[in-house]
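Structure first, then comments.
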Amino acid sequence: LNRQFQVPIIFYCPGKINPGIRDRIAQQIDIMPTLLDFVGYDECFNAFGISLFSDSSNITYQLNNDIYQIQDDQYLLLFDGIRFIEQYAINPGNELNRLFITRENDSVRYLENKLKAIVQTQKSQLITNGFCSCK
């Protein structure tokens, strides 16, 4: 699964960034928050990504062929904008096992709510042209 779209990114600044490899899920929307974190920017900004220098959650989301996807280290959920249509457990070795759609698992319920909030926020910002509002 994670080998499907591996794109390396390198941040190089001798004396300021410790050398190392971080094996975590990341995406292009994480670049801006990462750079702002690195330069010490502490003003309000709006971003859907997270700083790769932080120890924040390892959650990514995508929109692929009109299907929203959210993934963490354990689960992958697919959402058509109205309902969740597929759920998968991610096993060691990154193999997917399809699950019956259920809301009994706290981790799955958290991912569902997070993705719905992301979709709602993005659509609201498009409607109100409010991408730069920090309140």
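Among the residues of the stretch 124-135, what is the count of those that are at pLDDT below 80 and either closer than 12 Å to Y75 by Cα or exposed (fewer than 12 other Cβ atoms within 10 Å of the Cβ) (or both)?
First pass over the stretch 124-135, keeping only residues at pLDDT below 80: 129-135.
Now narrow it down to the ones that are either closer than 12 Å to Y75 by Cα or exposed (fewer than 12 other Cβ atoms within 10 Å of the Cβ) (or both): 129, 131-135.
Of the residues in the stretch 124-135, 6 are at pLDDT below 80 and either closer than 12 Å to Y75 by Cα or exposed (fewer than 12 other Cβ atoms within 10 Å of the Cβ) (or both).
Hey, can you tell me all the residues within the stretch 59-87 that are among the aromatic types (F, W, Y) and either under 20 Å from D23 (Cβ atoms) or in contact (Cβ under 8 Å) with a residue 40 or more places away in the chain (or both)?
Residues satisfying the conditions are Y61, Y68, Y75, F79.
How many of the residues in the stretch 21-61 are modelled with pLDDT of 85 or more, in a loop (DSSP other than H, G, I, E, B) and farther than 20 Å from K114 by Cβ?
Total meeting the criteria: 6.
Give the stretch 104-123 a look and list any residue that's surrounded by fewer than 11 Cβ atoms within 10 Å (Cβ to Cβ) and at pLDDT below 85, or say none.
Correct list: E104 only.
So which residues in the stretch 62-86 are in a strand (DSSP E or B), within 13 Å of the chain's Cα centre (by Cα) and loosely packed, with under 15 Cβ neighbours inside 10 Å, if there are any at all? Even if it seems obvious, please write down each step before you answer.
First, the residues of the stretch 62-86 that are in a strand (DSSP E or B): 62-64, 67-71, 75-79, 84-86.
Keeping just the survivors that are within 13 Å of the chain's Cα centre (by Cα) gives 62-63, 68-71, 75-77.
Of everything in the stretch 62-86, those that are in a strand (DSSP E or B), within 13 Å of the chain's Cα centre (by Cα) and loosely packed, with under 15 Cβ neighbours inside 10 Å turn out to be Q62, L63.
Within the stretch 7-54, restricting attention to residues that are in contact (Cβ under 8 Å) with a residue 24 or more places away in the chain and of a type in the set (S, T, N, Q), which residue is nearest to D73 (Cα to Cα)?
Result: Q27.
The values are calculated or read from the model by the stated rules, or taken from the named source; none is laboratory data. What you are looking at is a predicted structure, and each value in this text was computed from that prediction instead of being measured. No Cβ is skipped: glycine too gets one built from the backbone with ideal geometry, and neighbour counts run over all protein chains shown.
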